Amino acid sequence: MTVKRIFVLDGHPAETSLTGSLAESYAKAARDAGHEVRMTRLHDLDFDPDYGFGGYVNQKPLEPGLEKVLQDIEWSEHVVLATPVWWGGLPAKLKGLVDRAFLPGRTFDTRNPTKLGLPGPMLSGRTGRVLMLSDTPNWVFRLLYRNALMVQLRGQILGFVGIRPLKITQFSGTSHPEQRVIGKWLKKAAAMGAAAA
């Protein structure tokens, strides 16, 4: 087995949540399997989520928590994001983390565009996994909403900065799941963690 450096971000803003439990299950199994793991909980980060500017000329200095998140992503070989789906998107604080921390010169390069004319990704060489929790059934998410958040994560957020391939595992019906279902989900997250997948 190849040992990997894994960064896990629990993207739920609450102190305790099912999202956080899945992130913990993944991280613990990865550690137990011998992988190096760093984990951050969004709840524990103190930062202003509002970028507050119309461009990138005047950038707010990053708070220590945001700087640590970037350092952990740069250190990692595999990035894991556990997030709930709220109103079809990311929780506001998690989106604020992206708005504030994923900046040019650090995560993408506007001066060296790709062949498609897009900014060059600066976090290439890292793979990714998203554990996505929602109430919406998978088939509704796919057929009615056209996997909008998955498309955004793959093309406009994590994939945009070079974290790819990005695999997404959706856990649906998360409002009131039975305990046996939660147990199955925790085991699934643990299996992915042990395999660093």
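Being within 28 Å of Q71 (Cα to Cα) and in contact with a Gly (Cβ under 7 Å, 6 or more places away or on another chain) holds for only one residue in L186, L149, L118, L133, and it is L149.
For the range 63-78, filtered to residues that are open to solvent by 60 Å² or more (accessible area, probe 1.4 Å) and part of a helix (DSSP H, G or I), the residue that is farthest from T110 (Cα to Cα) is P64.
The requirement of being more than 30 Å from D135 (Cα to Cα) and assigned to a strand (DSSP E or B) is fulfilled nowhere in the range 79-92; no residue meets it. Here V151 meets the list (1) over 25 Å from D48 (Cα atoms); (2) in contact with a strand residue (DSSP E or B) (Cβ under 9 Å, 6 or more places away or on another chain); (3) open to solvent by 60 Å² or more (accessible area, probe 1.4 Å); (4) in a helix (DSSP H, G or I) almost entirely, failing just condition (2).
M192 - would you say it is without any contact (Cβ under 8 Å) to a residue 24 or more places away in the chain and buried (at least 16 other Cβ atoms within 10 Å of the Cβ)? Considered against the rule, which asks whether it is without any contact (Cβ under 8 Å) to a residue 24 or more places away in the chain and buried (at least 16 other Cβ atoms within 10 Å of the Cβ), M192 comes out as no. In the range 1-27, the residue that is nearest to V69 (Cα to Cα) out of those that are in contact with a helix residue (DSSP H, G or I) (Cβ under 7 Å, 6 or more places away or on another chain) and open to solvent by 60 Å² or more (accessible area, probe 1.4 Å) is R5. Of the residues making up the range 49-62, one or more are open to solvent by 80 Å² or more (accessible area, probe 1.4 Å), under 17 Å from M122 (Cα atoms) and hydroxyl-bearing (S, T, Y). Here R41, R100 are screened, and the one residue that is crowded, with 16+ Cβ neighbours inside 10 Å, in contact with an Asp or Glu (Cβ under 6 Å, 6 or more places away or on another chain) and charged (D, E, K, R) is R41. A single member of F160, F171, F141, F108 is touching a strand residue (DSSP E or B) at 6+ places or on another chain (Cβ under 7 Å), surrounded by 13 or more Cβ atoms within 10 Å (Cβ to Cβ) and modelled with pLDDT under 95, and it is F141. Every test in (1) more than 28 Å from R5 (Cβ to Cβ); (2) of a type in the set (K, R); (3) touching a residue at least 12 places away in the same chain (Cβ under 8 Å) is passed by R106 save one, and that test is (1). Only residues that are more than 29 Å from E15 (Cα to Cα), open to solvent by less than 20 Å² (accessible area, probe 1.4 Å) and in a loop (DSSP other than H, G, I, E, B): list them for the range 111-135, please. If the condition is that a residue be more than 29 Å from E15 (Cα to Cα), open to solvent by less than 20 Å² (accessible area, probe 1.4 Å) and in a loop (DSSP other than H, G, I, E, B), then no residue fits.
For the range 11-25, the count of residues that are part of a strand (DSSP E or B) and under 13 Å from the mean Cα position of the chain (by Cα) is zero. When D48, D10, D32 are screened for being of a type in the set (D, E, K, R), under 20 Å from R100 (Cβ atoms) and in contact (Cβ under 8 Å) with a residue 60 or more places away in the chain, only D10 passes.
The values are calculated or read from the model by the stated rules, or taken from the named source; none is laboratory data. All figures in this text were calculated on a predicted structure; none of them were measured in a lab. In this analysis, Cβ positions are derived from the backbone assuming ideal geometry, glycine residues included, and neighbour counts consider all displayed protein chains. The area values use the complete protein model at the heavy-atom level, side chains included, leaving out ligands, DNA and RNA. Shrake-Rupley method; radii C 1.70, N 1.55, O 1.52, S 1.80 Å.
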